[in-house]
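This report concerns only the one structure given below.
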Amino acid sequence: MNCQHFEDAINDLARDRIIDAETREGALAHTETCARCAARLEDERTLTKGLRAMAQNSEAEQAPAHVEAALVAAFRQRAMKPAAEVSEVAPSGARRFRRMIGVAAAVAAILIIWALVASRLESTPQTHEVKKDDNAPATVPPPEEQTPRQEVRPSKEQLLVQETGQPQHKPRRTSRRPKAKSDSHDQAGKPAEEVIATDYIPLTYGESLNSIEGGQLMRVTLPRSVLVSFGLPMNAERVDEPIVADVLVGYDGVAHAIRFVH
Amino acid sequence: MTLPATLSDDQLLRLVMAADEDAFTTLYRRRQGAIYRFALQMSGCNQIAEDVTQEVFMELMREPERYDAGRGTLSAYLYGIARNHVLRRLRRDRCYVPFTETDEGDGATVDGRLIAPGDPLDDLTRNESIEALRRAVLALPEHYREAVVLCDLHEMNYAEAAGALACSVGTIRSRLHRGRALLAEKLRAADRESRVSTLTSPARCLA
């Protein structure tokens, strides 16, 4: 045996592990002729004895009694729990599966909400952009395509319908151009105020705008956060700025619809 | 406690899974000492050893089905959990004391006196030497330390240690070999320092 082979066997030899007799005898014979390996074996044996003494010294060490008490209490608590509550200890694979189901349900819920909001916006009437005179509130008809009756239609002096520019919010905007140049100017010949507005949005659940016979249009100022409650996007940077809206108040005094004006 | 002492760990674990408190207590008392000592020898910190022991058995209580008898003994499985918790705590707390920072001047060594019979200072020497050895073990890199602790202090064979550390027998052999070599080096260095310290310091009056 050479020094390299001796080095391979030295740990088992020094630790009194079972090794084959031939290796053992070869290693011991090598120490007769190699002082360095003999000293190395002596060091290793001393180390083994030291480690065994250390192990023996700490043999009595054990966890304090309060650890056992805490564990037994926890065990009892778990044993008393119904199966459904203990299911938190299900295998990690099952936990992952449940988590995936939860995520899928959340995604489905978001899609359903989105679809509902989209359908609600689709069902609202076309946008009317209104130029009204200085004496607000004015009497205003419901959207003309829904309430064609002439008797509730306001006069030109009361309400001018005009559309110009880009809407603030994409969802609803009219596609009509201004009716006539004269309509977009007030009596003094000044350009009329250009208004961009959303469609009328019903305020009463299930109410059709067709059923509104007419009423007054009241311009109000509302917190911008109201947009969110109608499913419309809101610019978070302008959350502190109020938003103008037109509320359609029927002859019965009830607010039937609202539109947001830019 | 009505359970027979001859029940194996696996049998006890099956009873634990059926919410048998006696089985859990028996299993805990059978294995807690080794797990606690392993954590203590790996960390050098009683608090960590306590916490790790508790965590190991809590984990066994929570997820007993994670133990796979085909992959090793329950004991090796518990050591494996303990090892993961110890390493996590050491990385988080860094509370063990490196050998080189604390051994200066205390004169503790492992040498021939450790086993010298009839030496009147045997007990004292032995205690100091064991303390020096304990610090030397703590100063080993983690992967060498765990091999030394399991194979030398816990008398595990290579296969059991490999099962606990989730590595091959060859890896355990080489880590143990290297770990022991490092340990011997550290102790020799400490021995040299202590001899120099003894020669340069004034003699103590023991009267």
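The values are calculated or read from the model by the stated rules, or taken from the named source; none is laboratory data. Since the model is a prediction, treat every value here as computed from it, not as a measurement. Note that we place each Cβ from the backbone using ideal geometry, even for glycine, and neighbour counts take in every protein chain shown.
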Practice problem: Scan segment B:30-39 and give yes if some residue there is crowded, with 21+ Cβ neighbours inside 10 Å and closer than 16 Å to B:Q11 by Cα, otherwise no. | Solution: yes
Quiz item: Quick one: which of B:A184, B:A164, B:A190, B:A139 is under 21 Å from A:E42 (Cβ atoms) and in contact (Cβ under 8 Å) with a residue 24 or more places away in the chain?
Solution: B:A190
Practice problem: Provide a single number: the residues in segment B:21-50 that are of a type in the set (D, E, K, R) and within 9 Å of another protein chain (Cβ to nearest Cβ). | Solution: 4
Exercise. Exactly one condition in (1) in contact (Cβ under 8 Å) with a residue 12 or more places away in the chain; (2) out of contact with any Phe, Trp or Tyr (no Cβ under 8 Å at 6 or more places or on another chain); (3) within 17 Å of B:A76 (Cα to Cα); (4) more than 11 Å from every other protein chain (Cβ to nearest Cβ) is not met by B:S8; state its number.
Key: (1)
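Among the residues of segment B:139-197, what is the count of those that are not in a helix (DSSP H, G or I) and not polar (S, T, N, Q)?
Keep residues of segment B:139-197 that are not in a helix (DSSP H, G or I), which gives B:139-141, B:154-157, B:166-168.
Narrowing the set further to residues that are not polar (S, T, N, Q) leaves B:139-141, B:154-156, B:166-167.
Here the count works out to 8.
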Exercise. For segment A:22-111, please list each of the helices (runs of 4 or more DSSP H) lying entirely inside it that holds at least 1 residues being in contact with a helix residue (DSSP H, G or I) (Cβ under 9 Å, 6 or more places away or on another chain) and modelled with pLDDT of 90 or more.
Key: A:35-57, A:65-80
Practice problem: May I ask you to list the residues in segment B:61-84 that are within 12 Å of chain A (Cβ to nearest Cβ), surrounded by fewer than 24 Cβ atoms within 10 Å (Cβ to Cβ) and assigned to a helix (DSSP H, G or I)? | Solution: B:M61, B:R62, B:P64, B:E65, B:R66
Exercise. Take A:L41 and decide whether it is buried (at least 17 other Cβ atoms within 10 Å of the Cβ) and within 9 Å of chain B (Cβ to nearest Cβ).
Key: no
Self-check item: Some residue of segment B:115-126 being at pLDDT 50 or above and assigned by TED's automatic domain parsing to the domain that holds B:Y144
Solution: yes
Practice problem: State whether the residues of segment A:42-56 include one that is of a type in the set (A, V, I, L, M) and in contact with a Phe, Trp or Tyr (Cβ under 9 Å, 6 or more places away or on another chain). | Solution: no
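Can you pull out the residues in segment A:37-51 that are in contact (Cβ under 8 Å) with a residue 24 or more places away in the chain and farther than 12 Å from A:N11 by Cβ?
A:C37
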